[in-house]
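Notes to accompany the following structure.
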């Protein structure tokens, strides 16, 4: 085996939070532990390091789920890393590790960053790592990674899905990956070729468009020149018009400036008059203001006198209202004083009554307390009597119930003892009768010895038949290999023959058959004839074809010392003249020396394809032609016809030999099966005889033992029955002497009735005492309240008397004030009339002053309006001048705009044409219309590509580049197709070779796992091994031949394991993982399974990792790894080397210890 798996290091992967190393040592390594502790995580870490890319196969939803997620006591990790160390790997890894003797392959994943691979510390692609393991018959999904699910999947798989096992056995799993990669490259290359063709078509279409655009660009340039000339003519006319407009504007401005001067003089005179009239206004305004002030003062005095009169009348009314209010308050206070005296009398009467009741209350309370105490004592005595009666009745009832139960138990015990004694006595009688006689035991032992002798003889016969069958299988394998080789050779020849036939049957786009199909050319001259005639050979011999050869009479030719093709080639008469002109150049001769001697029409050709024509045209040797290739193919087809027949005959002969070998192998198998059947019958007879002898001996031993036990039980049960009867009599006597329970219950009822009467009397006395105490408390509280209310009414009476005195004084004061205010309203009315007379005089004086001011103001306003009119005329004149000045500016701007446009459109020193002598609007419109028409024609052309010539040259260069790249891609496609064909041929050869080997191993392993029976494999569904499915036919011992799906569950598991290990033997992997595959097997099959594993270790050197719960499998391991979870959610590994442990146990003074 070229490589060895040495160790596996796990850090932060799933439940392995801490770094853990698993040493993968030679032999069988078991992984054990309770469910859920992380055993499968070890296996998944190995598969993950080998390149597993599906998160669901890692029992997660995304790949980051393999990172340790944390527990209650541990924080989660951000990365996980698994490292796998391989030894002796020289030549296995891809460059630059091709020569490395050891490889350390690690895979690391970080949250949010994805996973990465490293080989010996350097970055590597996932595909390279997966291919590396596939070449080692390993990998995340290899057949060496076996689980219960894998076994079930193999059972339920379709035949074409099982073909993957054969591919692994043939070692072409990596070949598949390489073929797939080549197919992807081929597909990409074909897509690139298609894109290149599409791009070329697009560029060619673009090139045609660019040529059209180039013509448009030329017309665009011509129109642009005409537009520039028309625009120059228009600008010359516009400049002449602008100059005339500027001169007219200057003349109008001079006239407007003269009118401004005249308006300025008139405005000055009007302003002087307005100033004089305005100066006379201030004295008049002062007089009017003084008169207005006197008027305002008189008005204020009149208003104040009116307000004084109103206040006097209001004060008199308020004084009279106050007198009335105080009279009413005095009457109300008198009533309050009378109410207070009445309330004091009522409270004194109630207080006297309550004090009298309070004197009598202590005697009544004492009498009620004594009555309550007496009733309470009587009730307590009644309760005591009732309690004593109840206790006596309960005790008597308990003693009666206990006596009843004891009596029942004693009676049941006595009955059970009697029944057990009767049963034991009957069992003793039955066991005594069932004892096996000694004569029967001796007969059974004799039968076992005879069956054992027959079994030994049958096993010797089977050994002899197995040897004969192995020899027949070897002969059959050799015959099959010969037949397969002969079939492959015949198939190869037939395939080539069919391909050439189909190729030569093609019409090459013509309706008639080319004349070259009618020519017979000796081998070696195909290239020469094809080089001479080339495409002319594709013409037809039929005269109705578009291109054909017509028969003509031969020509007289000069005698030349060279062979003519008319003598070398057999062909239609229409080619006679052409073939006679074609001469063959001898080997080693120089065609250039003979070319000058050729007569018109002659052609000199060499066997290598060189051509020298009479007119000087020359083709050097080595140039291929389609006609030469077709002629060579026709010659090859003729050669294949004979080879096809001979290969078919050879294949039939080899197949006949294979049929004979198969018959001999079947005969050997039948003979072996007969001996195995006889051995099976002998084994069954021996098993039956041995089982019968063992059974009889065991039954005899069990009978004697049971008889002694039954006899002991009989004596014990007899003693127990006597004891139970005595106990029953004693309990029955005690139950008869117990007191009368009914009398005790009657006494309880009487005592309870007396207790009820005493309780009612005590409750009545207690209620009366409580009522008296409540009445006394209420009376005391009412006396306190009466004392407070009497004090309140005394205070209210005092307050009422004080208020009466105060109200009398205030009433006298209010009456005096009302008398004093009686004459005040009349005095205020006289003062108001005097203020009104003064107001009327002030209004007359103010009116005269205002009229004088109005007259002067009117004269000033008229003068001001005249001044404003003159100013308005001046302003109009100035605006007219400004307008004319604006016209000058506009004319200058128009002239400047024309000049700027001329500068912009025609340059600094334009050569403008002379404007017409008579410049009118018609001449300018005519020039503008011509310019607009030319511009519109250019715009109607639409967008014009002025770089069309440059872009056309670039497109032609791009087409040339695409043609060159297309040739390169075509060459690459041809190489890729050749590589894929080679990979397919290699895969078929390997699959065909390995199928028989897998079938032989499967048959042997099946018989070994089942202890007999037979099975075989078959390719179904297709003749191509790469497409065919793998079907399994099995016949367990004692059953009919059936497919895998028709077997029982255990038989399916054993059959699937036999196939897996058969594949494994053909292409052993450095490591194999078996995850609880022994779960569905019974102990006998587990024993065979473990023995097979030990043989596989010795034969292949594979290192096995076995996950198991079966104690027999654990016992057969070389070492054990125990997976524990002492800390919740954290897995740990403990290892035990069983071989070393056995040595330690065998050595005195040592004990087994876990490493």
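The values are calculated or read from the model by the stated rules, or taken from the named source; none is laboratory data. Nothing here was measured: the structure is a model prediction, and the numbers come from that model. Backbone-built Cβ (ideal geometry, glycine too); neighbour counts: all protein chains shown.
With 337, 412 as the choices, which residue is in a helix (DSSP H, G or I), on the phi < 0 side of the Ramachandran plot and surrounded by 13 or more Cβ atoms within 10 Å (Cβ to Cβ)? Spell out how you get there, then give the answer.
Numbers: 412 fails: surrounded by 13 or more Cβ atoms within 10 Å (Cβ to Cβ).
After applying the criteria, what remains is 337.
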The residue that is nearest to the chain's Cα centre (by Cα), considering only those in segment 937-955 that are part of a helix (DSSP H, G or I) and without any contact (Cβ under 8 Å) to a residue 24 or more places away in the chain, is 954
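Taking residue 1100, is it at pLDDT 90 or above and closer than 30 Å to residue 1005 by Cβ?
Details: at pLDDT 90 or above: no; closer than 30 Å to residue 1005 by Cβ: yes.
Spelling it out, it is not the case that residue 1100 is at pLDDT 90 or above and closer than 30 Å to residue 1005 by Cβ.
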Before we move on, is residue 77 at pLDDT 85 or above, in a loop (DSSP other than H, G, I, E, B) and closer than 27 Å to residue 6 by Cβ? yes
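With respect to residue 225, is the statement that it is more than 30 Å from residue 969 (Cα to Cα) and either modelled with pLDDT of 75 or more or surrounded by fewer than 16 Cβ atoms within 10 Å (Cβ to Cβ) (or both) true?
Values: more than 30 Å from residue 969 (Cα to Cα): yes; either modelled with pLDDT of 75 or more or surrounded by fewer than 16 Cβ atoms within 10 Å (Cβ to Cβ) (or both): yes.
Here the answer is yes, as residue 225 does meet what is asked.
Tally time: how many residues in segment 1074-1114 are assigned to a helix (DSSP H, G or I) and closer than 16 Å to residue 1062 by Cα?
Within segment 1074-1114, the first condition is being assigned to a helix (DSSP H, G or I), and the residues that meet it are 1083-1100, 1111-1114.
With the extra rule that they be closer than 16 Å to residue 1062 by Cα, the set shrinks to 1088-1100.
Adding up the residues that qualify gives 13.
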Legend entry - Test result for residue 319, in a helix (DSSP H, G or I), at pLDDT below 75, out of contact with any strand residue (DSSP E or B) (no Cβ under 9 Å at 6 or more places or on another chain) and more than 30 Å from residue 839 (Cβ to Cβ): no
Quiz item: Quick one: is residue 881 touching a residue at least 60 places away in the same chain (Cβ under 8 Å) and in a helix (DSSP H, G or I)?
Solution: yes
- Could you tell me whether any residue of segment 835-849 is over 30 Å from residue 306 (Cα atoms) and touching a helix residue (DSSP H, G or I) at 6+ places or on another chain (Cβ under 8 Å)? no
Result of the Cβ filter at 8 Å on segment 319-330, keeping first residues that are in contact (Cβ under 8 Å) with a residue 12 or more places away in the chain and partners that are surrounded by 15 or more Cβ atoms within 10 Å (Cβ to Cβ) and not in a helix (DSSP H, G or I), at least 6 apart or interchain, is 319/821
Discussion item. Criterion first (under 60 Å from the mean Cα position of the chain (by Cα) and within 30 Å of residue 660 (Cβ to Cβ)) does residue 461 satisfy it?
Written reply: no
Exercise for the section: Might you let me know whether segment 267-290 holds any residue that is surrounded by 14 or more Cβ atoms within 10 Å (Cβ to Cβ), more than 30 Å from residue 862 (Cβ to Cβ) and either in contact (Cβ under 8 Å) with a residue 12 or more places away in the chain or in contact with a strand residue (DSSP E or B) (Cβ under 6 Å, 6 or more places away or on another chain) (or both)? Expected result: no
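Evaluate the following for residue 466: is it at pLDDT below 75 and either under 60 Å from the mean Cα position of the chain (by Cα) or in a helix (DSSP H, G or I) (or both)?
On the way: at pLDDT below 75: no; either under 60 Å from the mean Cα position of the chain (by Cα) or in a helix (DSSP H, G or I) (or both): yes.
The answer is no for residue 466.
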Expected single match for in a helix (DSSP H, G or I), in contact with a strand residue (DSSP E or B) (Cβ under 9 Å, 6 or more places away or on another chain) and surrounded by 13 or more Cβ atoms within 10 Å (Cβ to Cβ) among 927, 958, 972, 1007 is 1007
How many residues of segment 582-622 are in contact with a helix residue (DSSP H, G or I) (Cβ under 7 Å, 6 or more places away or on another chain) and assigned to a loop (DSSP other than H, G, I, E, B)? The answer is 6
Within segment 16-52, the residues that are part of a loop (DSSP other than H, G, I, E, B), in contact with a strand residue (DSSP E or B) (Cβ under 9 Å, 6 or more places away or on another chain) and surrounded by fewer than 19 Cβ atoms within 10 Å (Cβ to Cβ) are 18, 19, 25, 26, 27, 34, 36, 37
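Mind checking which residues of segment 431-442 are in contact with a helix residue (DSSP H, G or I) (Cβ under 9 Å, 6 or more places away or on another chain) and in a helix (DSSP H, G or I)? Please lay out each step first, then the result.
The first filter runs over segment 431-442 and keeps only residues in contact with a helix residue (DSSP H, G or I) (Cβ under 9 Å, 6 or more places away or on another chain), leaving 431-432, 434-438, 440-441.
Across segment 431-442, the qualifying residues are 431, 432, 438, 440, 441.
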Of (1) more than 22 Å from residue 157 (Cα to Cα); (2) outside any loop (DSSP other than H, G, I, E, B); (3) at pLDDT 85 or above, residue 1117 fails just (2)
For residue 788, the lone unmet condition from (1) under 30 Å from residue 393 (Cα atoms); (2) without any contact (Cβ under 8 Å) to a residue 12 or more places away in the chain is (1)
With criteria (1) under 30 Å from residue 235 (Cα atoms); (2) at pLDDT below 80, residue 827 comes up short on (1)
Note on segment 53-69: residues assigned to a loop (DSSP other than H, G, I, E, B), under 13 Å from residue 15 (Cα atoms) and in contact (Cβ under 8 Å) with a residue 24 or more places away in the chain are 68
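Do we find that residue 502 is farther than 30 Å from residue 1003 by Cβ and either modelled with pLDDT of 80 or more or under 60 Å from the mean Cα position of the chain (by Cα) (or both) in this structure? Before you say what the answer is, go through the steps one by one.
Numbers: farther than 30 Å from residue 1003 by Cβ: yes; either modelled with pLDDT of 80 or more or under 60 Å from the mean Cα position of the chain (by Cα) (or both): yes.
The answer is yes for residue 502.
Test residue 101 against the criterion of being within 20 Å of residue 16 (Cβ to Cβ) and free of Cβ contacts under 8 Å to residues at least 40 places away in the same chain, and give yes or no.
Details: within 20 Å of residue 16 (Cβ to Cβ): no; free of Cβ contacts under 8 Å to residues at least 40 places away in the same chain: yes.
The answer is no for residue 101.
Specify which of the listed residues (189, 245) is under 22 Å from residue 965 (Cβ atoms) and either exposed (fewer than 14 other Cβ atoms within 10 Å of the Cβ) or touching a helix residue (DSSP H, G or I) at 6+ places or on another chain (Cβ under 9 Å) (or both).
Details: 245 fails: under 22 Å from residue 965 (Cβ atoms).
The conditions single out 189.
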Looking across segment 937-955 at residues that are in contact with a helix residue (DSSP H, G or I) (Cβ under 6 Å, 6 or more places away or on another chain) and under 25 Å from residue 192 (Cβ atoms), the single one that is surrounded by the most Cβ atoms within 10 Å (Cβ to Cβ) is 955
Sole miss for residue 111 among (1) at pLDDT 80 or above; (2) surrounded by 15 or more Cβ atoms within 10 Å (Cβ to Cβ); (3) in contact with a helix residue (DSSP H, G or I) (Cβ under 7 Å, 6 or more places away or on another chain) is condition (2)
Of those in segment 1100-1126 that are touching a helix residue (DSSP H, G or I) at 6+ places or on another chain (Cβ under 7 Å) and free of Cβ contacts under 8 Å to residues at least 40 places away in the same chain, the residue surrounded by the fewest Cβ atoms within 10 Å (Cβ to Cβ) is 1112
